[in-house]
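Notes to accompany the following structure.
The values are calculated or read from the model by the stated rules, or taken from the named source; none is laboratory data. Note that the structure is predicted; figures quoted are calculated from it, not measured. Here the Cβ is made from the backbone with ideal geometry for all residues, glycine too, and neighbour counts use every protein chain on show.
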Amino acid sequence: MTNICKINLKIKGKGIPIVLLHGFMESLEIWNYIYCSISNKYRVLSIDFPGHGKSILTLKENTVFTMEKSAEIVKKIVEKENIQKAVFVGHSMGGYVALAMAEKYPEMFLGLCLLHSTTESDTLEKKKGRIQSIQLAINNYPLFISTSIKRLFHHEKFFSLQKEITFVKKISSYTSINSIIAFSKGMFMRKNRKFLLKTTKFPKLYIAGLYDLILDVKKIYEETKYGNKTYFFAIPTGHMGHIEYPKEVIKILENFIDFSIIKN
């Protein structure tokens, strides 16, 4: 059983609505640069998922926070802001949430950008990794944070990205152990939604990192071939393109947003 006390969000700008959904152990702060930039042109809504950032979530032990549950929260917030249709941008776990929402409410989508994300469910190897991560988080939280964040960035640029890495570590440290466990289990259990690439009519865009240690760029590219109105961009980053390469990500996003508007 969960008790959601408060959901933190920011909204700024006018025009076509854009909804930014952050990844696991992140917060809306992760979008700061992109949020400030594109809100000059669009109406941008950014949300802290429950138990992340400044959103408050009281969890009992053994709780599972599914992608579907997060999707329902996003839907309610979007509706409360009188947004009928939007372009959704989901980073990693945020993409999983957006896909869960797209399955149930496709009419709310002008377009969907999966930033370092996938429609596929976890492989057996990935599931084993999540179980090990949960145990590490319980036994040694600081080591878990440090190990997890290190894998997110382009390994050859690790030392030149220390400022960015420190920023992400700080954000991640706000996430409680119970939230880490609950969302890890939710990602572990998530279903394969590859079928949405064919069944949905709105444009889909993948942005993948050439040096991503979390998601294989070649597999992501093969995944896009399955889709209808599905497009692909590769950028020279790890799993954090919006932090490592924000200006290029903004250009790609703005082109996709404008394209999505035309196609609708």
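Restricting the stretch 55-68 to residues that are of a type outside the set (A, V, I, L, M) and closer than 16 Å to His22 by Cβ, which is modelled with the lowest pLDDT?
Among those that are of a type outside the set (A, V, I, L, M) and closer than 16 Å to His22 by Cβ, it is Ser55.
Asn82 passes all but one of (1) modelled with pLDDT under 95; (2) at positive phi; which number fails?
(1)
Filter the stretch 156-171 down to the residues that are out of contact with any Asp or Glu (no Cβ under 7 Å at 6 or more places or on another chain), farther than 25 Å from Phe256 by Cβ and in a helix (DSSP H, G or I) and list them by number.
Glu156, Lys157, Gln162, Lys163, Ile165, Thr166, Phe167, Lys169, Lys170
Read through the list (1) within 23 Å of Arg151 (Cβ to Cβ); (2) part of a loop (DSSP other than H, G, I, E, B), then give the number of the only condition that Arg193 fails.
(1)
Looking for something buried (at least 17 other Cβ atoms within 10 Å of the Cβ), among the aliphatic types (A, V, I, L, M) and under 18 Å from the mean Cα position of the chain (by Cα) - is there at least one such residue anywhere in the stretch 115-124?
Scanning the stretch 115-124, I find at least one residue that is buried (at least 17 other Cβ atoms within 10 Å of the Cβ), among the aliphatic types (A, V, I, L, M) and under 18 Å from the mean Cα position of the chain (by Cα), so the answer is yes.
Can you find a residue that is part of a helix (DSSP H, G or I), over 22 Å from Asp212 (Cβ atoms) and not small (Gly, Ala, Ser) anywhere in the stretch 113-128?
no
Report whether or not Ala182 is small (Gly, Ala, Ser), in contact (Cβ under 8 Å) with a residue 12 or more places away in the chain, surrounded by 14 or more Cβ atoms within 10 Å (Cβ to Cβ) and in a strand (DSSP E or B).
No.
Just to check your reading of the model, which residue among Tyr211, Tyr231, Tyr206 is assigned to a strand (DSSP E or B) and either touching an Asp or Glu at 6+ places or on another chain (Cβ under 9 Å) or charged (D, E, K, R) (or both)?
Unique residue meeting the criteria: Tyr206.
Looking only at residues in the stretch 30-84 that are part of a strand (DSSP E or B), among the β-branched types (Val, Ile, Thr) and touching a residue at least 40 places away in the same chain (Cβ under 8 Å), which one is farthest from Ala102 (Cα to Cα)?
Once the filter is applied, the top-ranked residue is Thr58.
Looking at (1) within 19 Å of His22 (Cβ to Cβ); (2) in contact with a helix residue (DSSP H, G or I) (Cβ under 9 Å, 6 or more places away or on another chain), which is the only condition Tyr245 fails?
Condition not satisfied by Tyr245: (2).
Go through (1) surrounded by 17 or more Cβ atoms within 10 Å (Cβ to Cβ); (2) in a helix (DSSP H, G or I); (3) polar (S, T, N, Q) and name the single condition Gln135 misses.
(1)
Here is a yes/no grid of residues against (1) surrounded by fewer than 21 Cβ atoms within 10 Å (Cβ to Cβ); (2) farther than 19 Å from Phe109 by Cβ; (3) of a type in the set (Asp, Glu):
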position: Ile7; (1), (2), (3): yes, yes, no
position: Lys12; (1), (2), (3): yes, yes, no
position: Leu21; (1), (2), (3): no, no, no
position: Val44; (1), (2), (3): no, no, no
position: Ile47; (1), (2), (3): no, no, no
position: Gly53; (1), (2), (3): no, yes, no
position: Ile56; (1), (2), (3): yes, yes, no
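What residue, of Ser46, Ser117, is more than 22 Å from Gly238 (Cα to Cα) and small (Gly, Ala, Ser)?
None of the others qualify; the one that does is Ser46.
On the basis of being of a type in the set (Phe, Trp, Tyr), farther than 19 Å from Phe259 by Cβ, assigned to a helix (DSSP H, G or I) and more than 17 Å from the chain's Cα centre (by Cα), does Tyr221 make the cut?
Here the answer is yes, as Tyr221 does meet what is asked.
For the list (1) polar (S, T, N, Q); (2) surrounded by fewer than 21 Cβ atoms within 10 Å (Cβ to Cβ); (3) touching a residue at least 40 places away in the same chain (Cβ under 8 Å), I need the number of the one condition that Thr147 fails.
It is condition (3) that Thr147 fails.
Of all residues in the stretch 236-259, which are among the small types (Gly, Ala, Ser) and not in a helix (DSSP H, G or I)?
The one that is among the small types (Gly, Ala, Ser) and not in a helix (DSSP H, G or I): Gly238.
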